[in-house]
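The values are calculated or read from the model by the stated rules, or taken from the named source; none is laboratory data. As the structure is a computational prediction, the values presented were derived from the model and not from experiment. Positions of Cβ are backbone-derived with ideal geometry, glycine not excepted, and every protein chain shown enters the neighbour counts. The area values use the complete protein model at the heavy-atom level, side chains included, leaving out ligands, DNA and RNA. Shrake-Rupley method; radii C 1.70, N 1.55, O 1.52, S 1.80 Å.
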Amino acid sequence: MAANAPAPRQQIRFCRSVDGTQIAYAVHGSGPPLVIDSCWLSHLQHDWSSPVWRHHLLEWGREHTVVRFDERGHGLSDRDVTDHGLEVRVADLEAVVDDAGLGRFDLLAMAQGGPVAISYTARHPQRVSRLVFYGSYSGQQSKDPTEAAMDDTLDALIAVGWARPDSTFRRVFTSLMIPGASEEQRVWLDELQRTSTSAETARESRRQRLVADASHLLAQLDVPTLVIHSRGDRMNDFSEARYLAAHVAGARLVALESENHIVLEDDDAWPVYRAELSRFLAEPVPGAPRAGASPAAARPEGLATLSPREREILALAAQGRDNDEIARSLVLSTRTVERHLSNVYAKLDLHGKSARTAAVARLLTSR
């Protein structure tokens, strides 16, 4: 970004997930959409001026419209929640991209966002153009007894020191995440921990993340995939990156010569990260709409692309039935009906709150 260029601005928006939890998300930049599948600790406003994250945000927004969000229980999203399981986290991502009106988009999974991104992509393959894992994993975590002991120790540190005014206990997490940081960067990450969430939520969300596993879905992924990971990452071991790259067909692994879980701006690995990510996101995607092509040209078959089940559900929606009624009629869960309808909207290139009405209209006029 040019030195005299105006500082970018972000827009903060809110949507509701399937269980009513309010999720905060932010949009900045311009260009093709890039969705950031959030990491464990975030605060949309606090991160915006961060000496740890700011260079990432600026880089992502140079050529993309960036959509990122605070996970449930964190930042500007609803704090008073106890369910941090994989299913609701996937639903949160679904809610954000639908509320933002996105069709196809690139998806970047940060750290603990890996299982969520894998699950979402497996369910909505037509929505994800490219997939990036950054310092992430599939859920195939080490079962080494020493790792379990470390998890117990970190849990105890959160309980004892997370909310304390001094950062003595939080500094342990900071040192694991960014061992090469300056004191200014360390102080900022110390404070982010206390600012982003409560000790109770930090412990509970972390416990539920430790059992989130989407490794069984990796073989289903059929999307261009890049895995970027620091060799010396102390939060998520480099073996997790090797596992991802070995189990996603065609995935490419880029090893960063760094010990930082979050690559810092003065890190020697930062130019490598920038170049590799930019190159990957600029590569053409087989089967993607041509630049300047209309939605109709991109999907000439329209309703013909729907599966029999999707057409059946859309036909019932056209009769005026709500999702609960459709679910009872077909002996499905309401969540399954919602997922099928989401696939319908994506295949028809319909987005936003009017997608259901437009899909029904298209079905009725085709008869």
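Determine whether region 82-91 contains at least one residue that is open to solvent by 10 Å² or more (accessible area, probe 1.4 Å) and more than 21 Å from ARG207 (Cα to Cα). Within region 82-91 (the criterion being open to solvent by 10 Å² or more (accessible area, probe 1.4 Å) and more than 21 Å from ARG207 (Cα to Cα)), the answer is no, since none of the residues qualifies.
Does region 52-66 contain at least one residue that is in a helix (DSSP H, G or I), out of contact with any Gly (no Cβ under 6 Å at 6 or more places or on another chain), acidic (Asp, Glu) and over 16 Å from LEU189 (Cα atoms)? Among the residues of region 52-66, at least one is in a helix (DSSP H, G or I), out of contact with any Gly (no Cβ under 6 Å at 6 or more places or on another chain), acidic (Asp, Glu) and over 16 Å from LEU189 (Cα atoms), which makes the answer yes.
Is it the case that some residue within region 143-156 is crowded, with 18+ Cβ neighbours inside 10 Å and outside any strand (DSSP E or B)? Checked against the condition, which is being crowded, with 18+ Cβ neighbours inside 10 Å and outside any strand (DSSP E or B), region 143-156 yields no hits at all. Given the structure, is ALA163 more than 22 Å from LEU244 (Cβ to Cβ) and in a helix (DSSP H, G or I)? So ALA163 fails the test.
Among the criteria (1) modelled with pLDDT of 90 or more; (2) touching a helix residue (DSSP H, G or I) at 6+ places or on another chain (Cβ under 8 Å); (3) assigned to a helix (DSSP H, G or I), the one ARG339 does not fulfil is (1). With respect to being farther than 25 Å from THR201 by Cα, not β-branched (Val, Ile, Thr) and not in a loop (DSSP other than H, G, I, E, B), ASP98 fits the description.
For region 47-62, indicate whether the set of residues that are open to solvent by less than 10 Å² (accessible area, probe 1.4 Å), within 21 Å of THR225 (Cβ to Cβ) and charged (D, E, K, R) is non-empty. No, that holds for no residue. Applying the criterion of being in contact with a strand residue (DSSP E or B) (Cβ under 6 Å, 6 or more places away or on another chain) and assigned to a helix (DSSP H, G or I) to the residues of region 221-241, the residue that is least open to solvent (accessible area, probe 1.4 Å) is ALA241.
Residues of region 103-127 that are buried (at least 24 other Cβ atoms within 10 Å of the Cβ) and in contact with a Phe, Trp or Tyr (Cβ under 8 Å, 6 or more places away or on another chain): LEU107, LEU108, ALA109, GLN112, GLY114, PRO115, ALA117. Residues in region 108-131 that are assigned to a helix (DSSP H, G or I) and in contact with a Leu (Cβ under 8 Å, 6 or more places away or on another chain): GLY114, PRO115, VAL116, ALA117, ILE118, SER119, TYR120, THR121, ALA122. Every condition in (1) without any contact (Cβ under 8 Å) to a residue 60 or more places away in the chain; (2) closer than 30 Å to PRO284 by Cα holds for SER77 except the one numbered (2). Selection within region 20-46: residues that are under 19 Å from ILE262 (Cα atoms) and of a type in the set (Ser, Thr, Tyr). The member of this set that is surrounded by the fewest Cβ atoms within 10 Å (Cβ to Cβ) is SER42.
Restricting ALA327, ALA346, ALA317 to those that are open to solvent by less than 20 Å² (accessible area, probe 1.4 Å), of a type in the set (Gly, Ala, Ser), part of a helix (DSSP H, G or I) and in contact (Cβ under 8 Å) with a residue 60 or more places away in the chain reduces the list to ALA346. For region 169-189, check the following and say yes or no: at least one residue is in contact with a helix residue (DSSP H, G or I) (Cβ under 6 Å, 6 or more places away or on another chain), over 30 Å from ASP267 (Cβ atoms), touching a residue at least 40 places away in the same chain (Cβ under 8 Å) and in a helix (DSSP H, G or I). Checked region 169-189: no residue is in contact with a helix residue (DSSP H, G or I) (Cβ under 6 Å, 6 or more places away or on another chain), over 30 Å from ASP267 (Cβ atoms), touching a residue at least 40 places away in the same chain (Cβ under 8 Å) and in a helix (DSSP H, G or I). Screening region 192-220 for residues that are open to solvent by less than 10 Å² (accessible area, probe 1.4 Å) and part of a loop (DSSP other than H, G, I, E, B) and picking the one that is modelled with the highest pLDDT gives ALA214. Taken over region 242-272, the residue count meeting the criterion of being under 24 Å from ARG127 (Cβ atoms), open to solvent by less than 40 Å² (accessible area, probe 1.4 Å) and part of a helix (DSSP H, G or I) is 2.
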